[in-house]
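Peer 1: Would you mind keeping the following structure in view while I ask a few things?
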Amino acid sequence: MPIQPIDPNGGGTGAGAGFNSGTGGGGSTGNNGPSILGSLGAGGGASTGIPQVSVASLSANDVVQDATPVIPAGAYDFGTGKVFTAFTIEDVVEGSTQRVTRGLWSGNVGELTSFWTSSYQSSTQKQYYYEIYNGDPTVSTNYAQFSIAYGHYAGSGSLGANEDSPSNAIYSQFQQVLLPASQRRFSFGGVNQDDVYVVTINRERIKDKLDPGNWELCISGSNGRVVRLVDDSGDTNQLGNSNQNVYNIVSGSLLNGVYNTTEIFGAVYPQFGVIVLGAAGLDASASLGTIRTTNTDAQNHGKLFTAISGAAHDNAGNGFQARSEEEVKSTFFFVRAKNAEYNFSNNPSYVTGSNGKLLQQTFVGDPKTYITTVGLYNNDNELLAIAKLSKPLLKSFSNEILIKVKLDF
Amino acid sequence: MGFLDNSSVTVDAILTKKGRELLAQGRDKFQITQFALADDEVDYELWNPAHSLGTDYYGIVIENMPVIEAITDENYAMKYKLLSLPKTTARLPYIQVSPSSLTLNEGANNSVIAVTTKNGGNENLGYTAILLNSDAGSITGNSGVPGNVTPIVNVSSYNTAQSQTVVGKNQFTFVSAANLPNDTAITTRIVIIGNETGGRTEIDVTVNPVTDAQTTVVNVVSPA
């Protein structure tokens, strides 16, 4: 339907949308129903000198008559003010999910090259595991990154006998958490593992999970040899097919891919952020020298720590590289400020004196504001979220603004 | 022939403390239904109609200004909201309160705050009042407007500096704390916001402890 003009004498079109005299309050618009504020019960307003019509009545007539009327500039009636605008269904888009990967270590660093144990751990704790920091633990800006533990199914390599030993506790603990109920031993490449090394990454680091196919652990061996370990997920390009809960650990590198798929060093459990390595395999490939004497505090996990930190010490390119993965759910809010909206400000610099007079005389009849902040509110006018623009955005009666606000959960 | 700028303004939002609190209570409690706009860091005195390069440059200083990052305390963000008014409005509505400051002793003493809006507004939706430190006391609003009261969660014998938000038609009553924590004076503020105009004003509040000597005098005088 074509746009139809409104009779400025108050006759209006169709159901009778019309202007008031222009000299009275803002709330009334003939007999055409409430204004924007009127729908909330608002009453009169300041004299404007311009014939005014309520947006509500225009919308109603637009629906009934399928005819959008033409009105003079500045003729919208906002009565004594409006600061909140309700979102409509079209303004809110929910449910967008995005996969976000970042460098795993503190500060979103992708490669860890400095490894520190912590003197804050008690001697008893050190019988079970070493907590590894990215720098001197006494410096408040350094944080725990991951832990290393050694587990033996029969308790060898640590003090105590039978079930009463740290290595047995470690083995049982991770077997309980990582393996199916029917499986009591770790098995890599069909070979049961009596003992394993466990690298468990702090939850705060992995976010939702360790990013499969995008980590590389270097372990120094004898004669300067370095064993590079990766997983066999093959998802280095984020194809999104890495939804398994476990992958084999094989030799290879992030740069050149998998070297050898037949020799299985262990398993990685991305959702847990846990890397389990067979001790026998590391002994053979990296000369780790695991001690399996009973009732002896062999500190085997210290050997793996030395091998990891030693590799990085010899060559900074041999650090522990990894990424975290997180699913971020976003909701988009489309904030629309129409030409007649938000052209005045409660900013104290907007007025002068004590009677609300506009500071800038050029704003009288042509008000302007600068938007810097968008606030998202609930029905009780409580501010739930806030977004800032990168620079002030000019708003006046001669322009409209559309701002897309993204809120992540 | 050049290309038109087709970039849209996209910004990331962060949750306020209130938003996090409500989200923690469940998604049904976290319902964003409306928006408002603000210009907290803009100084309109920088608008220069005498700029030698003409109208396009009147606001160039403001437009080139970097905007500071968002803060998460909802009581201090969105201080100066933009509002919609008829185009030829020459005087803006503003809020007046009486008294403009409060000084009370502890012991549940009352003080009534009357609120009006000059140049029209807020007659129907009234005002929102935020007491920034509920250790100092509590606040209530008179009836006649829609709205709710944000409950205070008591974590211990004192409320440990939480804010309290209430709505009222045109009057609020502040009641000082029965006993101040640590017997030390508390200085805080009550922020009054117009629910239609978005205008705000602040009232300084001081609640002083009552010394033992004062208490003794009261006890002696009361029986008489």
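Peer 1: From B:E41, B:E21, B:E45, grab the single residue that is assigned to a loop (DSSP other than H, G, I, E, B) and either modelled with pLDDT of 90 or more or under 25 Å from the mean Cα position of the chain (by Cα) (or both).
Peer 2: Being assigned to a loop (DSSP other than H, G, I, E, B) and either modelled with pLDDT of 90 or more or under 25 Å from the mean Cα position of the chain (by Cα) (or both) holds for just one of B:E41, B:E21, B:E45, which is B:E41.
Peer 1: Which of the following residues is more than 20 Å from A:A307 (Cα to Cα) and under 37 Å from the mean Cα position of the chain (by Cα): A:Y153, A:Y171, A:Y133? Spell out how you get there, then give the answer.
Peer 2: Values: A:Y153 fails: under 37 Å from the mean Cα position of the chain (by Cα); A:Y133 fails: more than 20 Å from A:A307 (Cα to Cα).
Answer to the selection: A:Y171.
Peer 1: Also, I was wondering about something else. Which residue, of A:S330, A:S354, is among the polar types (S, T, N, Q), part of a loop (DSSP other than H, G, I, E, B) and more than 7 Å from every other protein chain (Cβ to nearest Cβ)?
Peer 2: On inspection, the qualifying residue turns out to be A:S354.
Peer 1: Taking the stated definitions as given, is A:S220 surrounded by 15 or more Cβ atoms within 10 Å (Cβ to Cβ) and either within 19 Å of A:Y269 (Cβ to Cβ) or among the polar types (S, T, N, Q) (or both)?
Peer 2: Taking the combined requirement at face value, the residue satisfies it.
Peer 1: Output the number of the condition that B:V97 fails; it satisfies all remaining conditions of (1) closer than 22 Å to A:V335 by Cβ; (2) touching a residue at least 12 places away in the same chain (Cβ under 8 Å); (3) within 22 Å of the chain's Cα centre (by Cα).
Peer 2: (1)
Peer 1: Would segment B:74-92 turn up any residue that is more than 9 Å from chain A (Cβ to nearest Cβ), over 20 Å from B:G194 (Cβ atoms) and part of a loop (DSSP other than H, G, I, E, B)?
Peer 2: no
Peer 1: Restricting to segment B:174-198, give me the number of residues that are of a type in the set (V, I, T), away from every other protein chain (no Cβ under 14 Å) and surrounded by fewer than 22 Cβ atoms within 10 Å (Cβ to Cβ).
Peer 2: Result for segment B:174-198: 5.
Peer 1: Next question. For segment A:383-407, what are the residues that are within 7 Å of chain B (Cβ to nearest Cβ), in a strand (DSSP E or B) and in contact (Cβ under 8 Å) with a residue 60 or more places away in the chain?
Peer 2: A:L402, A:I403, A:K404, A:V405, A:K406, A:L407
Peer 1: Another one. Being at the interface with chain A (Cβ under 9 Å from one of its Cβ atoms) and either at pLDDT below 90 or farther than 15 Å from A:K368 by Cβ (or both) is the requirement here; does B:Q31 meet it?
Peer 2: Against the criterion (at the interface with chain A (Cβ under 9 Å from one of its Cβ atoms) and either at pLDDT below 90 or farther than 15 Å from A:K368 by Cβ (or both)), B:Q31 qualifies.
The values are calculated or read from the model by the stated rules, or taken from the named source; none is laboratory data. It should be emphasised that the depicted structure is a prediction, and the values quoted were computed from it without experimental measurement. FYI the Cβ positions are ideal-geometry reconstructions off the backbone, even for glycines, and counts take in every protein chain you see.
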